[in-house]
Amino acid sequence: MIVAFSVSPEGTGRADGSVHDAVAAAVKIVRESGLPNHTSSMFTEIEGEWDDVFDVVKRATQAVEPFGSRISLVIKADIRPGYTGEMTGKIQRLEKAIDEL
(Lines give C-alpha, C1' and ligand atoms only; values in the text may rest on other atoms or scores of the structure.)
Protein backbone atom coordinates (compact mmCIF):
# COMPACT_ATOMS: atom_id res chain seq x y z
CA MET A 1 0.00 0.00 0.00
CA ILE A 2 0.94 3.61 -0.49
CA VAL A 3 -0.18 6.18 2.04
CA ALA A 4 0.03 9.91 1.45
CA PHE A 5 -0.31 11.87 4.65
CA SER A 6 0.04 15.35 5.98
CA VAL A 7 0.43 16.04 9.68
CA SER A 8 0.80 19.43 11.32
CA PRO A 9 0.16 21.02 14.68
CA GLU A 10 -2.46 23.63 15.34
CA GLY A 11 -2.38 26.13 18.15
CA THR A 12 1.38 26.56 17.92
CA GLY A 13 1.35 30.08 19.30
CA ARG A 14 3.79 31.18 16.59
CA ALA A 15 2.94 34.56 15.12
CA ASP A 16 4.06 33.48 11.65
CA GLY A 17 2.06 30.23 11.76
CA SER A 18 5.17 28.25 10.77
CA VAL A 19 5.07 24.50 11.38
CA HIS A 20 8.34 23.46 9.70
CA ASP A 21 9.99 22.23 12.92
CA ALA A 22 7.03 19.97 13.67
CA VAL A 23 6.88 18.68 10.11
CA ALA A 24 10.63 18.03 10.21
CA ALA A 25 10.17 15.89 13.33
CA ALA A 26 7.49 13.84 11.55
CA VAL A 27 9.48 13.45 8.33
CA LYS A 28 12.54 12.34 10.30
CA ILE A 29 10.48 9.44 11.72
CA VAL A 30 9.39 8.48 8.20
CA ARG A 31 12.92 8.60 6.79
CA GLU A 32 14.34 6.57 9.67
CA SER A 33 11.68 3.88 9.14
CA GLY A 34 13.53 2.42 6.17
CA LEU A 35 10.32 2.23 4.14
CA PRO A 36 10.25 3.80 0.67
CA ASN A 37 9.10 7.40 1.05
CA HIS A 38 8.89 10.76 -0.69
CA THR A 39 8.12 14.18 0.76
CA SER A 40 6.69 17.03 -1.30
CA SER A 41 5.56 20.50 -0.27
CA MET A 42 2.18 19.18 0.89
CA PHE A 43 2.36 15.44 1.62
CA THR A 44 4.67 12.63 2.59
CA GLU A 45 4.17 9.31 0.82
CA ILE A 46 5.24 6.02 2.34
CA GLU A 47 4.98 2.49 0.91
CA GLY A 48 4.84 -0.84 2.68
CA GLU A 49 2.60 -3.31 4.44
CA TRP A 50 -0.49 -1.99 6.26
CA ASP A 51 0.79 -2.46 9.83
CA ASP A 52 4.26 -1.10 9.04
CA VAL A 53 2.96 2.00 7.24
CA PHE A 54 0.40 2.91 9.87
CA ASP A 55 2.91 2.36 12.67
CA VAL A 56 5.12 4.98 11.01
CA VAL A 57 2.19 7.36 10.49
CA LYS A 58 1.26 6.98 14.16
CA ARG A 59 4.82 7.64 15.35
CA ALA A 60 5.17 10.63 12.98
CA THR A 61 1.93 12.04 14.35
CA GLN A 62 3.14 11.56 17.92
CA ALA A 63 6.35 13.41 17.02
CA VAL A 64 4.23 16.49 16.22
CA GLU A 65 2.39 16.47 19.59
CA PRO A 66 4.88 18.71 21.46
CA PHE A 67 4.51 21.49 18.88
CA GLY A 68 0.88 22.47 19.41
CA SER A 69 -2.30 21.99 21.35
CA ARG A 70 -3.97 20.03 18.54
CA ILE A 71 -2.92 17.97 15.49
CA SER A 72 -4.33 17.89 11.98
CA LEU A 73 -3.82 14.60 10.12
CA VAL A 74 -4.91 13.94 6.52
CA ILE A 75 -4.48 10.44 5.05
CA LYS A 76 -5.07 9.03 1.59
CA ALA A 77 -4.30 5.37 0.86
CA ASP A 78 -3.88 3.28 -2.29
CA ILE A 79 -4.33 -0.33 -1.20
CA ARG A 80 -3.34 -2.82 -3.90
CA PRO A 81 -2.50 -6.25 -2.45
CA GLY A 82 0.29 -8.12 -4.17
CA TYR A 83 2.01 -5.06 -5.62
CA THR A 84 5.23 -3.44 -4.46
CA GLY A 85 7.35 -0.64 -5.86
CA GLU A 86 4.26 1.27 -6.91
CA MET A 87 5.48 4.61 -5.61
CA THR A 88 7.89 4.71 -8.53
CA GLY A 89 6.04 2.30 -10.82
CA LYS A 90 2.97 4.52 -11.08
CA ILE A 91 5.11 7.50 -12.03
CA GLN A 92 7.01 5.49 -14.65
CA ARG A 93 3.74 4.37 -16.26
CA LEU A 94 2.45 7.95 -16.23
CA GLU A 95 5.61 9.31 -17.88
CA LYS A 96 5.41 6.59 -20.54
CA ALA A 97 1.78 7.46 -21.26
CA ILE A 98 2.69 11.17 -21.57
CA ASP A 99 5.52 10.34 -23.97
CA GLU A 100 3.15 8.28 -26.12
CA LEU A 101 0.62 11.10 -26.52
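The values are calculated or read from the model by the stated rules, or taken from the named source; none is laboratory data. Computed from a predicted structure; not experimentally measured. Cβ: placed from backbone, ideal geometry, glycine included. Neighbour counts: every protein chain shown. Calculation scope for accessible area: heavy atoms of the full protein, side chains included, ligands and nucleic acids excluded. Shrake-Rupley method; radii C 1.70, N 1.55, O 1.52, S 1.80 Å.
Some values worked out for this structure:
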| quantity | calculated |
| --- | --- |
| Of all residues in region 78-101 being touching a helix residue (DSSP H, G or I) at 6+ places or on another chain (Cβ under 9 Å) and of a type outside the set (A, V, I, L, M, F, W, C), the one that is least open to solvent (accessible area, probe 1.4 Å) | 78 |
| Every residue from region 13-29 that is open to solvent by 60 Å² or more (accessible area, probe 1.4 Å) and of a type in the set (Val, Ile, Thr) | none |
| Tally of residues being open to solvent by less than 90 Å² (accessible area, probe 1.4 Å) and closer than 13 Å to residue 5 by Cα across region 30-54 | 11 |
| Qualifying positions in region 56-74 - assigned to a helix (DSSP H, G or I) and either open to solvent by 70 Å² or more (accessible area, probe 1.4 Å) or more than 20 Å from residue 87 (Cα to Cα) (or both) | 58, 59, 61, 62, 63, 64, 65, 66, 67 |
